[in-house]
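One structure is given below, encoded as structure tokens.
The values are calculated or read from the model by the stated rules, or taken from the named source; none is laboratory data. Computed from a predicted model, the values in this text were never measured in an experiment. For neighbour counting, all protein chains shown are included, and Cβ atoms are generated from backbone atoms with ideal geometry for every residue, glycine included.
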Amino acid sequence: MSDTLKKLSWDNLRIVKVIGEVGSLSAAASALGVNNSTMFRKLTQIEESLGVALFDRRRTGYVPTLAGAEVITLAQRLELDIVRVTRRVSGFEQEQAGDLRVTTSDSLALHLAPIIADFNACHPLVRVEMIVCNASLNLARGESDVAVRATDVPPENLFGRKVARIGWAPYGRRCDFTEGWPHPHELYRRIWVSYSGGLSNLKAYKLVEAHVPQQNIACRFDSVVGIAAAISAGIGAGYLPCMLGDLTPDLMRIGPVDPCLADDLWLLTHPDIRRSGRIYAFMTHCAAAISRQRAFIAGQQESPVEPWCSHEGA
């Protein structure tokens, strides 16, 4: 039994798991903070101790063998168990104190900042770390504690609540549309900016691709805030969430809110930690602050309710 445990220790499992996930020895070494030769030596030792090759070495990278895929699955399952147990026994589990990691997109981060400031005033012992990215972090692995995301299909393994509906509309520079909205047919003949990369799954991206000739798309961004900046710079028209476009001083709506582009706004966490004192406090505070702005977020009014947040939501 002891020999088996040595062969499949967590340190060894983690090495195999990371190589399998990134598909490259050098990338895995970087992720684990070791050099390439150390990573190569450790993988060789693991394979020799198990008596089986875990990866096929190809030009395109490291591809798991059947045995390797089985070990990777075991490592991923064990990682989730470790995170789950760690959460449950954490000394801060039921306290309104400790670190709190919140992940969201760049455009939503602009609106969360004042909410977090208000939350910090009410809960000074909670240290909030904001992780801004378009990718969905794995809450089950503990990559974040709370996710504030725009989605119509939240992951089934997460716990949360829908707090608003995000409205989208076309925007242009105010100085370019002094005579008001252009005719819908003329609108799509203008120069546009659109989304790319991780944001190519947005409904707005698909609408622009369907209606705007490719030669009229002057620039693409994988950032909603980047699109707002591009419109402000005069590169072209573009679709924005109303909660961002309406607060950008030199922009104006150049068409109606399009209900086909709307997304639900969710507060999400993992079921294992949803009763944690600091997480419950943050989600309750955040939900109260956002709920007061539902009409503004949906694009039904062009300015937010003042103030954006209140200690009453804590």
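Residue selection: Ala230 fails the criterion of being touching a residue at least 24 places away in the same chain (Cβ under 8 Å), aliphatic (A, V, I, L, M), out of contact with any Asp or Glu (no Cβ under 9 Å at 6 or more places or on another chain) and outside the structural domain of Trp181 (by TED's automatic domain parsing).
Only a single criterion out of (1) at pLDDT below 95; (2) more than 21 Å from Thr104 (Cα to Cα); (3) crowded, with 19+ Cβ neighbours inside 10 Å is not satisfied by Gly172, namely (1). Restricting segment 203-219 to residues that are within 20 Å of Asp106 (Cβ to Cβ) and touching a helix residue (DSSP H, G or I) at 6+ places or on another chain (Cβ under 8 Å) leaves a set whose member that is surrounded by the most Cβ atoms within 10 Å (Cβ to Cβ) is Ala204. Across segment 183-191, a minimum of one residue is classified as basic (Lys, Arg) and either farther than 25 Å from Ala109 by Cα or assigned to a strand (DSSP E or B) (or both). Checked against the criterion of being buried (at least 17 other Cβ atoms within 10 Å of the Cβ), aliphatic (A, V, I, L, M), at pLDDT below 90 and at negative phi, the candidates Ile254, Ile279, Ile290, Ile235 yield just one match: Ile279. Out of the residues in segment 7-37 that are of a type in the set (Ser, Thr, Tyr) and in a loop (DSSP other than H, G, I, E, B), state the one that is modelled with the lowest pLDDT. It comes out as Ser9. Looking at Phe92, Phe55, just one residue is at pLDDT below 85 and of a type outside the set (Asp, Glu), and that residue is Phe92. Restricted to segment 257-276, and to residues there that are charged (D, E, K, R) and at pLDDT 90 or above, the residue that is farthest from the chain's Cα centre (by Cα) is Asp258. Just one of the numbered conditions (1) at pLDDT below 80; (2) under 30 Å from Met252 (Cβ atoms); (3) part of a helix (DSSP H, G or I) is not true of Glu306: (3).
Would you check if Ala228 is crowded, with 21+ Cβ neighbours inside 10 Å and either among the charged types (D, E, K, R) or within 20 Å of the chain's Cα centre (by Cα) (or both)? Here the answer is yes, as Ala228 does meet what is asked.
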